[in-house]
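What follows is a single structure, written as structure tokens, with notes after it.
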Amino acid sequence: MKFGVSTFLTDQGIAPAALGRAIEERPLDSLFIAEHTHIPVSRRTPYPGGGDLPEIYYRTLDPFVALSAAAAVTRRILLGTGVALVGQRDPIITAKEVASLDRVSDGRAVFGVGIGWNREEMENHGTDPRTRGRLVDERLRAIRELWTTEKAEFHGEFVDFDPVYSWPKPIQRPHPPLYVGGGEGAFRRVAALGDAWLANSVPPEELGPQIERLRGLAGRDVPVTVYGVAKDPGVIERYQELDVERLLFFLPTKPEAETLAELDRFVGVMERVT
């Protein structure tokens with residue numbers, strides 16, 4: 001099993017290049033970062049974690065700018081969105097951003113995607129929360145066409161364009177891996193469009209049966225990465241008993257010195273369970 005890091009990169013914590021370099025210096029294989037374009041001042045949608053919305057949600061850096069900064073100072077680690085909110089993104093621009101990240105990182109981009117939970121945020125992008133699932137599915141299919149076809153064309157309910165040229169194409173073939181986030185409601189999207197399931201903090205006792213249901217639906221051995229894992233050796237050992245490809249430790253958003261100390265604590269936990 002592999003281990004990586006999931007975090008919110010903001011203007012108040014460690015810089016992207018410093019974090020990328022620090023992860024590369026340790027036996028960790030990946031960096032996944034969250035995205036929110038903005039947070040509406042008037043918000044009806046409750047925070048899924050309960051209570052007040054943490055400040056990190058208000059201050060996230062653009063994921064592709066941040067990951068490109070990390071790419072420039074690393075050579076090994078995977079660089080992923082965890083997750084990109086596709087329902088709030090133009091598919092043609094997003095296809096170019098992911099392909100560009102894959103190019104500047106020499107084939108290390110991972111496109112982690114989700115439909116989002118903040119209804120007011122997506123409404124400000126012109127997205128109807130009631131149809132966001134269908135919208136995301138179409139945009140993902142369109143992005144895949146733009147990555148893999150010289151004269152890409154797409155005609156759907158939400159996305160519609162005649163043949164276009166869109167370069168650069170990604171280095172990875174047929175395209176960067178698409179990690180689909182979400183719970184069981186996302187399983188059909190994982191089965192139809194995903195290369196892996198990005199499970200968000202699902203406890204081990206729930207994850208095992210969910211993996212079986214997902215793989216039964218998909219008819220294949222879908223890889224699983226678990227996002228936001230605590231540094232608890234007992235819990236990690238229970239994940240090891242499942243067929244999980246990767247665990248992503250949740251890294252709090254802190255200044256550089258505190259972040260480096262936390263990364264070292266992750267390594268200490270890894271050494272205890274491997």
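Every read-out reported here was derived from the displayed coordinates using simple, explicitly stated rules and does not represent laboratory data. These numbers come from a predicted model, not from an experiment. A quick note on method: Cβ atoms are made from the backbone with ideal geometry, for glycine too, and the neighbour counts reach across all protein chains shown.
Where does the chain land at 222 nm, in deg cm²/dmol rounded to the nearest 500, when only DSSP H runs of n ≥ 4 count, each adding -39500 (n - 2.57), divided by all residues? Mind dumping the intermediate values first?
Details: 9 runs with 103 residues, N = 274.
Helices in the chain give a 222 nm mean residue ellipticity of -11500 deg cm²/dmol.
Three principal axis extents describe the C-alpha atoms of region 1-85; from largest down they are 42, 27, 20 Å. Cross-link reach is defined here as a Cα-Cα straight distance under 19 Å, omitting same-chain residues fewer than 8 places apart; for LYS96 the lysines meeting it are LYS151, LYS169. Taking other C-beta atoms within 10 Å as the exposure proxy, GLU237, GLU145 rank GLU237, GLU145 from fewest upward.
Here, region 31-134 is characterised by an Rg to Rh ratio of 1.00, where Rg is the alpha-carbon radius of gyration and Rh the Kirkwood radius.
Converting the Cα gyration tensor eigenvalues of region 173-258 into ellipsoid dimensions via √(5λ) gives semi-axes, longest first, of 24, 17, 10 Å. Note on the chain: dipole from Cβ charges, positive end direction compared against ALA66, THR45, PRO223; the farthest Cα belongs to PRO223.
Remark: spin-label model distance ALA218-ALA230 equals 2.7 nm, labels positioned 7 Å along the Cα→Cβ axis.
Rounding to the nearest 20 debye, state how big the charge dipole of region 25-162 is about its Cα centre with +1 on each Lys and Arg Cβ and -1 on each Asp and Glu Cβ. Before the final figure, lay out each step's value.
Working: 18 positive and 22 negative charges, 71 e Å.
Roughly 340 debye, rounded to the nearest 20.
Ranking PHE161, GLY112, TYR57 by Cα position along the charge dipole of the chain, where only Lys, Arg, Asp and Glu carry charges on their C-beta atoms, puts PHE161 farthest toward the positive end.
Note on the chain: Cα convex hull, mean projected area over all directions, 14.1 nm². Counting every other Cβ atom within 10 Å of each residue's Cβ, LEU193, LEU28 order from fewest to most as LEU193, LEU28.
How much length is gained if the chain between VAL267 and TRP167 is pulled fully straight, taking 0.36 nm per residue apart and subtracting their Cα-Cα distance, in nm to one decimal? Let's see the in-between values first.
Values: separation 100, 0.36 × 100 = 36.00 nm, distance 3.90 nm.
Between VAL267 and TRP167, full extension yields an extra 32.1 nm.
Restricting to region 2-273, compute how many DSSP beta bridges are antiparallel as a %, nearest 5.
For region 2-273, the DSSP antiparallel bridge percentage is about 10.
Taken about its Cα centre, the chain carries a charge dipole of about 320 debye when Lys and Arg each add +1 at the Cβ and Asp and Glu each add -1 at the Cβ.
Show me 148-155, 1-8 ranked by packing, highest mean number of other Cβ atoms within 10 Å first.
Going by the mean number of other Cβ atoms within 10 Å, highest first, we get 1-8, 148-155.
How much length is gained if the chain between LEU53 and GLN12 is pulled fully straight, taking 0.36 nm per residue apart and subtracting their Cα-Cα distance, in nm to one decimal? Can you show the working numbers first?
Numbers: separation 41, 0.36 × 41 = 14.76 nm, distance 1.63 nm.
Taking LEU53 through GLN12 to full extension adds about 13.1 nm, to one decimal.
Within the straight-line cut-off of under 29 Å between alpha carbons, the lysines reachable from LYS231 are LYS2, LYS254, sequence neighbours fewer than 8 places apart in one chain being disregarded.
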